[in-house]
Amino acid sequence: GLTNQVTSERRYEDLKSISRMVSRTAFEQLGHSVILLFVSVIGMFLIYLFPSLMIILTSLCFTVDKFTTKLLILNLISFIIMLIVYLPTIKFYKIKIYYTLALPFSAFVYVIMTLTSAFNHFLLSGNTWKGRRY
C-alpha cells in the first residue's frame, strides 16, 4: 500500500540489486505458475507496452489513412489513461510528473526481471536469498 510511514531497511541503490530482488521474488509470487506468468506478461505488454509501441510505429508510418489515424488516436487515449491512473502515486510520493513517461520502460524492465525469475527457477539453480532456495 501507499505510505510514507514505512522505510525499507534494505537499500537497493542500483538496477542490478533491484533486478536481483525482483528476480528472486517475482516467479515465487506467481506461485511458480507458468499460466500466471504468461497472463502477467501478456497483461503488462497489452496495458503498458503495446500503446507506446503502436504510437511510435503509427507515427513512423509514411501512409496516412483512416486506419492509421484511428489506431494512433486509440493508442494515444490508452497511453493518456495509463498516465492518469499513475498520477495519484506520482503525487503521493512527490515525484516530478514527467516521470510518468517512464512507466512503459519500467514495465518492460519488470517483465524482463519476472521472466528472469522464471528462467532461474526452471533452468538454473533457482532463486536464492539468505540461503533459502525459491
Residues of segment 45-96 being in contact with a Leu (Cβ under 8 Å, 6 or more places away or on another chain), farther than 30 Å from ASN4 by Cα and β-branched (Val, Ile, Thr), in sequence order, are ILE55, THR58
Do we find that ILE42 is open to solvent by 90 Å² or more (accessible area, probe 1.4 Å), within 24 Å of THR100 (Cα to Cα) and under 22 Å from the mean Cα position of the chain (by Cα) in this structure? no
Within segment 26-37, residues being crowded, with 16+ Cβ neighbours inside 10 Å and not in a helix (DSSP H, G or I) number 1
Residue hits (segment 72-117; under 27 Å from LYS16 (Cα atoms) and of a type in the set (Gly, Ala, Ser)) are ALA102, SER106, ALA107, SER117
When restricted to SER23, SER17, the only residue exposed (fewer than 15 other Cβ atoms within 10 Å of the Cβ), assigned to a helix (DSSP H, G or I), at pLDDT below 85 and among the small types (Gly, Ala, Ser) is SER17
How many residues of segment 94-105 are free of Cβ contacts under 8 Å to residues at least 12 places away in the same chain and open to solvent by 50 Å² or more (accessible area, probe 1.4 Å)? The answer is 7
With the first residue restricted to segment 43-68 and required to be at pLDDT below 90, and the second required to be in a helix (DSSP H, G or I) and open to solvent by 30 Å² or more (accessible area, probe 1.4 Å), Cβ contacts under 8 Å at 6 or more apart or on different chains are THR58/LEU71; THR58/LEU72; SER59/LEU72
(Q) Just checking, does segment 122-129 include any residue being open to solvent by less than 40 Å² (accessible area, probe 1.4 Å) and within 23 Å of LEU15 (Cα to Cα)? (A) yes
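The values are calculated or read from the model by the stated rules, or taken from the named source; none is laboratory data. Keep in mind it's a predicted model, so treat the numbers as computed, not measured. All Cβ positions, glycine included, derive from the backbone under ideal geometry; neighbour counts span all protein chains shown. All accessible areas refer to the heavy atoms of the entire protein, side chains included, with ligands and DNA or RNA removed. Shrake-Rupley method; radii C 1.70, N 1.55, O 1.52, S 1.80 Å.
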